[in-house]
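The values are calculated or read from the model by the stated rules, or taken from the named source; none is laboratory data. The model shown is predicted, which means the values in this text are computed figures rather than measured ones. Cβ placement follows ideal geometry from the backbone for every residue including glycine, while neighbour counts extend to all protein chains displayed.
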Amino acid sequence: MQRDVTKDTDLVEWWQDHAQLFPTLARIALNVLPAQASSVPCERLFSGTKQIATDRRASLGPIVFEEIVITKSAWGPDLYDMAAWNESQVKDVELFDFEELLLDDTDRLAWDKDMEADVVDGW
């Protein structure tokens, strides 16, 4: 047994670091170690795949599907919610568009008042 292995050692990281020294064992270990010991993460994984395996994504091949599931599982809550970000950007753009319209309306109202004042004053 290696001296750098303790009870607190991250085994996946250790096997990644020592893969060149023990290539066959490293491949086996890295294939087996990430397996979950309880059924809760497995159930969570299956319910999470419902969001991925939709009719619109029916043409995804098994490799791409697996990559998406693994990425989603690995990143979990750290995965940036692009839909929320995009929605906030759309709202900002919409508000900006309305702000310009409000300024245009304000300018036109001021111009109309100036014109009315000129007409009343008789030029």
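Points worth noting:
- Of all the residues in segment 1-33, those that are of a type in the set (D, E, K, R) and assigned to a helix (DSSP H, G or I) number 3.
So that you can scan it fast, the table gives a plain yes or no per residue for (1) surrounded by 11 or more Cβ atoms within 10 Å (Cβ to Cβ); (2) modelled with pLDDT under 85:
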{"site": "VAL5", "(1), (2)": "yes, yes"}
{"site": "TRP14", "(1), (2)": "yes, no"}
{"site": "THR24", "(1), (2)": "no, no"}
{"site": "THR54", "(1), (2)": "no, yes"}
{"site": "ILE63", "(1), (2)": "no, no"}
{"site": "LYS72", "(1), (2)": "yes, yes"}
{"site": "TRP75", "(1), (2)": "no, yes"}
{"site": "TYR80", "(1), (2)": "no, yes"}
